[in-house]
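Only the coordinates and a few stated rules stand behind these numbers; no lab work does. Fair warning: this is a prediction, and the values are worked out from it, not measured in the lab. A quick note on method: Cβ atoms are made from the backbone with ideal geometry, for glycine too, and the neighbour counts reach across all protein chains shown.
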Amino acid sequence: MDFNLSEEQIAIQDSLRRYLTKDYGFEQRRTIARSADGFSREAWATYAELGLLMLPFSEANGGLGGNAVDTMVVMETLGVNLALEPYLGTVVVAGSVIADLGSDVQRDKLLGGITGGSLLAALAHQEPGARYNRQRVATTAHRDGAGYVLNGHKAVVLGAPSADQLLVSARTSGAAGDATGVTVFLVDPKAAGVTVVAYTNQDAQRAGEVKLSNVTVGADAVLGPVDGALPAIERAIDRGIAGLCAEAVGIMTALNATTLDYLKQRKQFGVPIGKFQALQHRMADMAIAAEQARSMATLAALKADAEDPAERSRAVSGAKAYVGQALRKVGQDAVQMHGGMGVTDELMAAHYFKRLTMINATFGDADHHLARFSDTLLAA
């Protein structure tokens, strides 16, 4: 199998890298993180111009017909500069749900807005106490005439503070934990009864708690089949995990480079500390961990679009488990070799470490996915 990037993928990577290097440096990122949105609308518009927002969608849905490998290229490049824009939440995860479940009218409207850069969407699925269990949906949706009334609480919804459209999963039948009975609804975050409690995560990205109290939606707010949305949600989350693995690889590669540069400059006993054999061995181990993580991220991307849920889950969870272990190794060693400076706001190393920590926790940490991976092997 040929693992080399195509000419188109290299062109996308180069264009995005040039833009980020020129206009998304360390100080620019700090300014963007402190802004009201927490990300750059100007950068988002540039992503739209580069075609990144339409990359993973089929041509029938107004996209470029890309796949998870194309997404991998984008996410890895965004990771190098720790870009704050909600590409993962809007394009990769929410966009996947819309593409899989939406009617022609819904896809034209919602995906058209996403690809054009005018619409931000967020999947509100995770709930307090779920502990990464995707089937545990306690939020309810009861019929009210032709429409529905929603009640519940969604936790740590990525991109919720800036979302123009929320994709809320709710139980329309069965009990919390059932594999069936889950439906996705389109909810306006400004609608009566919707409360979004916004906050900033430790990696400077924004998330929010979404609380729904007797929120009324019409029949046209239903996305996909009633009671049958969970498979599409799981597929979207797996695609998101593959994207996170790629982002982690980009961050680890950049963190290794900045750590090596620091070892060449920082002196002790009159010589650069990079001359010390113990630190050279640690750098070698960090480089190996990053390259092995790249292999696993590539595997996840290759399998993220698989139709067989078991095949997809096995590859994605295996990758997330290994990448979670590797990023902990690289992140902790990098901070230690930077000494006290490794945890200060003035160095990019600290920001890389924070983002790696959040990537490990998002959509399931290394321990969770190691258990999930073993479960898929036993079920095979």
Binned at 5 Å from zero, the C-alpha pair distances of region 231-379 give percents of 2, 11, 19, 20, 16, 11, 8, 6, 4, 2, 1, 0, 0
Extension length gain for Ala48 and Asn4 (0.36 nm per residue less Cα distance), in nm, is 13.3 nm
Taking Cα pairs closer than 8 Å and at least 6 residues apart, the relative contact order of the chain in percent is 15 percent
Using alpha carbon centers only, region 166-245 is separated from region 321-380 by a whole-angstrom value of 26 Å
Between the modelled labels at Asp164 and Ala146 (7 Å from Cα along Cα→Cβ) the distance in nm is 2.5 nm
GNM of the chain, Cα pairs under 10 angstrom: of Gly270, Gly112, Gly250, the biggest fluctuation goes to Gly270
Over all viewing directions the Cα convex hull of region 6-154 casts an average projected area in nm² of 10.9 nm²
For the chain, the longest principal axis of the Cα atoms and the Cα long axis of helix 7-23 enclose an angle in degrees, to the nearest 10, of 70 degrees
Filtered hits (aspartates and glutamates, Cα-Cα < 20 Å from Lys264, offset >= 8 within chain) -> Asp285, Asp333, Glu346
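Past the 11 angstrom mark, what percentage of all C-alpha to C-alpha distances in region 338-380 do you count? Walk me through the numbers before you get to the answer.
On the way: 621 of 903 pairs.
Beyond 11 Å sits 69 percent of the P(r) for region 338-380.
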Once the in-chain neighbours fewer than 8 apart are removed, the lysines whose Cα is under 21 Å from Lys190 read Lys109, Lys154, Lys211
Here, Ala379 and Ala361, labelled 7 Å along Cα→Cβ, have an inter-label distance in nm of 2.7 nm
In units of 2.2 N^0.38 Å, the Cα radius of gyration of region 1-86 is 1.14
Output row, site Asn67, 7 Å Cα→C-beta label point, backbone N cut-off 15 Å, window region 297-317, residues 298-308, 312
Nearest 10, in degrees from 0 to 90: the angle of helix 230-265 to the longest Cα principal axis of the chain is 20 degrees
hull vol. (C-alpha, convex hull) per residue for the chain, Å³ -> 138 Å³
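Ratio to report: Rg/Rh of region 248-317, with Cα atoms as the point set and Rh obtained by the Kirkwood method; give two decimals.
Radius of gyration over Kirkwood radius for region 248-317 works out to 1.24.
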Here the alpha-carbon Rg of region 105-222 over 2.2 N^0.38 Å rounds to 1.04
Once Gln280 and Thr200 are pulled to full extension, the length gained, defined as 0.36 nm per residue separation minus their Cα-Cα distance, is 25.2 nm
For the pair Ser58 and Lys267, the simple spin-label estimate (label points 7 Å beyond Cα toward Cβ) gives in nm 6.3 nm
Gyration tensor (Cα only) of region 121-180 to equivalent ellipsoid, semi-axes in Å sorted down, yields 19, 17, 8
For Lys320, the lysines lying under 19 Å Cα to Cα, once residues fewer than eight places off in the same chain are dropped, come out as Lys303, Lys329, Lys354
Packing-ranked peptide list from 357-364, 338-345, highest mean Cβ count within 10 angstrom first, is 357-364, 338-345
Longest principal axis of the chain (C-alpha) makes with the long axis of helix 366-379 (C-alpha) an angle, in degrees to the nearest 10, of 60 degrees
